[in-house]
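Everything below concerns the one structure shown next.
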Amino acid sequence: MVKDLKELIQWHPDIASLETIGKSVDGRDLYALKLGTGKEEVLINASHHAREHITTNVVMEMADQYAHLYKTNGKMNGYAVQSILKKTSLYFVPMVNPDGVSLVQLGANSAKNKASVLKINGGSANFSAWKANVRGVDLNRQYPATWSTICCNPGKPSSQNYKGPKVLSEPEAKAMYDFTLKHSFKTSASYHSSGQIIFWHFHQSGSRKTRDYALAKKVSAKTGYSLVAPRSNPSGGGFNDWFIQNEKKPGFTIEVSPYVGNRPVPLVYFSSIWKQNNTIGLMLANETIK
Ligand SMILES: [Zn+2]
């Protein structure tokens, strides 16, 4: 991924740039790729959860194809890429949790503290179901949005669902938080897997709810994924929970792929996932300039 990001900015210096927004627990760089030269900003992120690393491929494919279509003045499903990316900037954070993804893909030897991850994993060397960061904290339960009442918290480091000792205790979540506050994103899309559903609601009401629901329906129409019905008491702690609450802008948590259980999405699903999601970045950017 890092090699591809660096190649992409070399090929497209006119619209693409790369910055490091922080470091993971084990010291890996956390990258944000900016694509576009316009004022209106949209954030797209992936792989908060380790085993959901196919989402990194989805957003990297977006960046790659949008950049190419910009250069060739092309369109994707009717979206004129140049005219959109001259008025907007898409920010991709393609892998929020590189330590966790490395653990799933490469095993315990990828971690600085091998003994610790094996212990958290109950002694098993099979990390395919791991969602957390390398310290066993679920990064999508770290954000300050009704954090104190998050449901089903195991109370100690775990392969999934542990919300951590305090809000933003983990450097990966803190990096996302700080990066978001430095910008004024009009929309956020967080890619997760699996289940072909979209979360969009977190306590918003009135005109904000109407606005966000209208956009959610467009994302649903493109992807074919179902919108999760608003709950009176959602769990909280997720990036988009906080984004919706704090930035007061629409945030979507998009769960790609048919449901596959507690494991990475098999690569065989990639081409259908891509067709369902290819224009989502352009669509969200375009909505900010309509
Ligand atoms: Zn997830």
>> For Lys182, give me every one of the aspartates and glutamates with a C-alpha distance below 12 angstrom, ignoring sequence neighbours fewer than eight places off in its own chain.
In response: Glu41, Glu247
> If amide H atoms are built 1.01 Å from N in the plane of the peptide, which residues on other chains or at least 5 residues away come under 5 Å of the amide H of Gly164?
Replying inline: Asp138
> What residues have an amide H closer than 5 Å to that of Gly38, excluding those fewer than 5 places away on the same chain, when H is modeled at 1.01 Å from N in the peptide plane?
Replying inline: Lys87, Thr88, Ser89
> Using a simple charge model, +1 on the beta-carbon of Lys and Arg, -1 on the beta-carbon of Asp and Glu, nothing else, what dipole does region 1-53 show about its Cα centre, in debye to the nearest 20?
Replying inline: 120 debye
> About its Cα centre, what dipole magnitude does region 132-290 give when the only charges are +1 on Lys and Arg Cβ and -1 on Asp and Glu Cβ, stated in debye to the nearest 20?
Replying inline: 300 debye
> ³J(HN,Hα) across region 185-197 via Karplus (A = 6.51, B = -1.76, C = 1.60, θ = phi - 60°), whole Hz, x for Gly/Pro?
Replying inline: 5, 7, 8, 10, 10, 10, 8, 9, 9, 9, x, 6, 9
> How large is ³J(HN,Hα), in whole Hz, for each residue of region 244-261 in order, when computed from phi with the Karplus curve 6.51 cos²θ - 1.76 cosθ + 1.60 and θ = phi - 60°, using x for Gly and Pro?
Replying inline: 4, 5, 8, 8, 6, 10, x, x, 10, 9, 9, 9, 7, 6, x, 4, 10, x
> With r defined as the distance between the Cβ atoms of Lys290 and Leu106 and R0 fixed at 51 Å, what FRET efficiency is calculated, to the nearest 0.05?
Replying inline: 0.70
>> Between Glu41, Glu172, Glu19, where does the largest GNM mean-square fluctuation fall for the chain, given springs only between Cα atoms within less than 10 Å?
In response: Glu19
>> List the chymotrypsin sites (Phe, Trp or Tyr not before Pro) within region 199-259 that DSSP assigns to loop and that have no more than 13 neighbouring Cβ atoms inside 10 Å.
In response: Tyr259
> Which distance in nm do the two modelled labels at Lys87 and Ser116 give, with both placed 7 Å along the Cα-to-Cβ direction?
Replying inline: 4.8 nm
> About its Cα centre, how strong a charge dipole does region 2-287 have in debye, to the nearest 20, once Lys and Arg get +1 and Asp and Glu get -1 at the Cβ?
Replying inline: 440 debye
>> Between 0 and 90 degrees, rounded to the nearest ten: what's the tilt of helix 171-182 against the longest Cα principal axis of the chain?
In response: 30 degrees
> So what is the 222 nm mean residue ellipticity for the chain from helices alone, if each DSSP H run of at least 4 adds -39500 (n - 2.57) and you divide by all residues, rounding to the nearest 500 deg cm²/dmol?
Replying inline: -10500 deg cm²/dmol
>> If you take every residue apart from Ser116 with its C-beta less than 12 Å away from the C-beta of Ser116, what net charge results, scoring Lys and Arg +1 and Asp and Glu -1?
In response: +2
>> Quick check on region 44-137: take the gyration tensor over C-alpha atoms, sort the square-rooted eigenvalues as a ≥ b ≥ c, and tell me if it's rounded (a/c under 1.5), prolate or oblate.
In response: prolate
> Given region 170-279, what percent of its DSSP beta bridges are antiparallel, to the nearest 5?
Replying inline: 25 percent
> How much length is gained if the chain between Lys6 and Phe270 is pulled fully straight, taking 0.36 nm per residue apart and subtracting their Cα-Cα distance, in nm to one decimal?
Replying inline: 92.7 nm
>> Using the Karplus curve 6.51 cos²θ - 1.76 cosθ + 1.60 with θ = phi - 60°, what ³J(HN,Hα) values do you get for each residue of region 92-107, in whole Hz, with x for Gly and Pro?
In response: 9, 10, x, 8, 6, 10, x, 5, x, 4, 4, 4, 5, 7, 10, x
>> Loop-only trypsin sites (Lys or Arg not before Pro) in region 114-200, please: DSSP not H, G, I, E or B, and at most 14 other Cβ atoms within 10 Å.
In response: Lys166
>> Run through region 230-284 and list the trypsin sites (Lys or Arg not before Pro) located in a DSSP loop whose Cβ has at most 14 other Cβ atoms within 10 Å.
In response: Arg231, Lys248
>> Need one word for region 144-290: rounded, prolate or oblate. Basis is the Cα gyration tensor (sqrt eigenvalues a ≥ b ≥ c); a/c below 1.5 gives rounded, then a/b vs b/c decides.
In response: oblate
> Structure shown: which of Lys39/Lys218; Lys23/Lys249; Lys39/Lys275 lie over 25 Å apart, alpha-carbon to alpha-carbon?
Replying inline: Lys23/Lys249; Lys39/Lys275
> With the Cα gyration tensor of region 38-77 giving a ≥ b ≥ c as the square roots of its eigenvalues, does the rule (a/c under 1.5 for rounded; else a/b larger than b/c for prolate; else oblate) give rounded, prolate or oblate?
Replying inline: oblate
> What are the residues whose amide H is under 5 Å from the amide H of Ala46, where those residues sit 5 or more places off or on another chain and H is modelled from the backbone?
Replying inline: Val93, Met95, Val96, Tyr191
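None of the figures in this text is laboratory data; all of them are computed from the coordinates on show. On a predicted model such as this, the values are computed, not experimentally measured, just so you know. Glycine also receives a Cβ, built like all others from the backbone with ideal geometry; neighbour counts cover every protein chain displayed.
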